[in-house]
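Participant: Before we start, here is the structure in question, set down as structure tokens.
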Amino acid sequence: MKNTKVLVEGAIMLALATVLSFIRIIKLPWGGSVTLLAMLPITLFSIRRGIKMGFVVSFLFSLIQFGQGILDGIFGWGLTPGMLIACILLDYLLAYGVLGIAGIFREKKLAGWLSGTALALFLRFLMHFLSGIIIWKSVGALWGNFSTENFYVYSLLYNGAYMLPELIFTVIGTFALLKVPQTSRMLMSDNGKSLV
């Protein structure tokens with residue numbers, strides 16, 4: 001029964017994260033967007049169920065995000081086969097797959113939950129940053145009126161433009177939800193020992 005409950009919770013959080021990922025507040029021209037808290041369901045699931053199950057759900061989320069990347073035209077971006085494979089790994093599978101680490105400090109209560117959430121989104125930023133300096137440097141650093149030959153600066157600014165707001169909003173969302181008594185009760189473990 002417990003395994004079924006965990007699977008259902010994971011499926012619900014995965015579905016919620018997917019729906020929220022389609023609500024893009026800001027969308028940048030070469031990929032990346034600020035969403036309506038799309039990472040929050042995945043990080044909350046990891047906090048509730050631990051990093052092992054968190055990584056399972058975050059990996060499934062990474063596959064869904066890759067599917068969205070296909071819809072957004074990833075195969076039409078003119079990448080070489082090697083660049084395309086690296087892009088799939090860094091910008092999708094690893095970037096979204098690391099979100100499961102959010103539950104790493106779950107025993108430390110609210111401070112641990114916020115730290116774990118911030119760590120998860122920082123690691124996602126790091127994957128996109130590495131993609132920018134490894135893959136996208138050959139595409140050319142041009143973003144609006146900003147251009148630079150320094151692809152480290154370009155990747156930092158481009159990926160930071162959407163990941164910093166995403167990180168801040170997700171941490172604030174985590175804090176706000178966990179301060180609501182009903183959400184805090186939901187985070188009770190199955191054996192009755194409160195995580196709150």
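Participant: At 0.36 nm per residue, and after removing the present C-alpha to C-alpha distance, how many nm does the segment from Trp30 to Ile134 gain when stretched out fully?
Facilitator: Result for the pair: 35.9 nm of gain on full extension.
Participant: Please arrange Glu9, Glu149 by how many other C-beta atoms lie within 10 Å of their C-beta, fewest to most.
Facilitator: Starting with the residue having the fewest Cβ neighbours, the order is Glu149, Glu9.
Participant: Points 7 angstrom from Cα along the Cβ direction at Ser184 and Leu63: gap in nanometres?
Facilitator: 3.7 nm
Participant: Using a 10 Å cut-off around each Cβ, can you sort Thr18, Thr174 from fewest to most neighbouring Cβ atoms?
Facilitator: Sorted ascending by nearby Cβ count, the order is Thr18, Thr174.
Participant: Helix 151-178 versus the longest principal axis of the chain: what is the Cα-based angle in degrees, 0 to 90, to the nearest 10?
Facilitator: For helix 151-178, the angle is close to 20 degrees.
Participant: Roughly how tilted is helix 2-21, in degrees to the nearest 10 and between 0 and 90, from the longest Cα axis of the chain?
Facilitator: Taking the Cα atoms of the chain, the angle to 2-21 is about 40 degrees.
Participant: Name the residue farthest towards the positive end of the dipole of the chain from the options Gly112, Leu156, Leu63, assuming +1 on Cβ of Lys and Arg, -1 on Cβ of Asp and Glu, about the Cα centre.
Facilitator: Going by the charge dipole, the pick is Gly112.
Participant: Right, another one. Just tell me the longest site-free run in the chain, where the sites are chymotrypsin sites (Phe, Trp or Tyr not before Pro) in a DSSP loop having at most 12 other beta-carbon atoms within 10 Å.
Facilitator: Excluding the exposed sites themselves, the longest stretch runs over 31-196.
Participant: Let me ask you something else. Might you report the magnitude of the Cβ-based charge dipole of the chain about its Cα centre, with Lys and Arg at +1 and Asp and Glu at -1, to the nearest 20 debye?
Facilitator: With Lys and Arg at +1 and Asp and Glu at -1, about 780 debye.
Participant: Can you put Asp91, Asp72 in order of Cβ neighbours within 10 angstrom, beginning with the fewest?
Facilitator: Asp72, Asp91
Participant: Which angle from 0 to 90°, rounded to the nearest 10, does the C-alpha axis of helix 109-134 make with the longest principal axis of the chain?
Facilitator: For helix 109-134, the angle is close to 20 degrees.
Participant: Please state the relative contact order of the chain as a whole percent: Cα pairs under 8 Å, 6+ residues apart?
Facilitator: 20 percent
Participant: Can you give the FRET efficiency to the nearest 0.05 for Phe175 and Lys5, using r as the Cβ-Cβ distance and R₀ = 35 Å?
Facilitator: The pair Phe175/Lys5 has a calculated efficiency of 0.85.
The numbers here are math on the coordinates, done by the rules we state, and not lab data. No experiment lies behind these values; they were computed from the predicted model shown. Note that we place each Cβ from the backbone using ideal geometry, even for glycine, and neighbour counts take in every protein chain shown.
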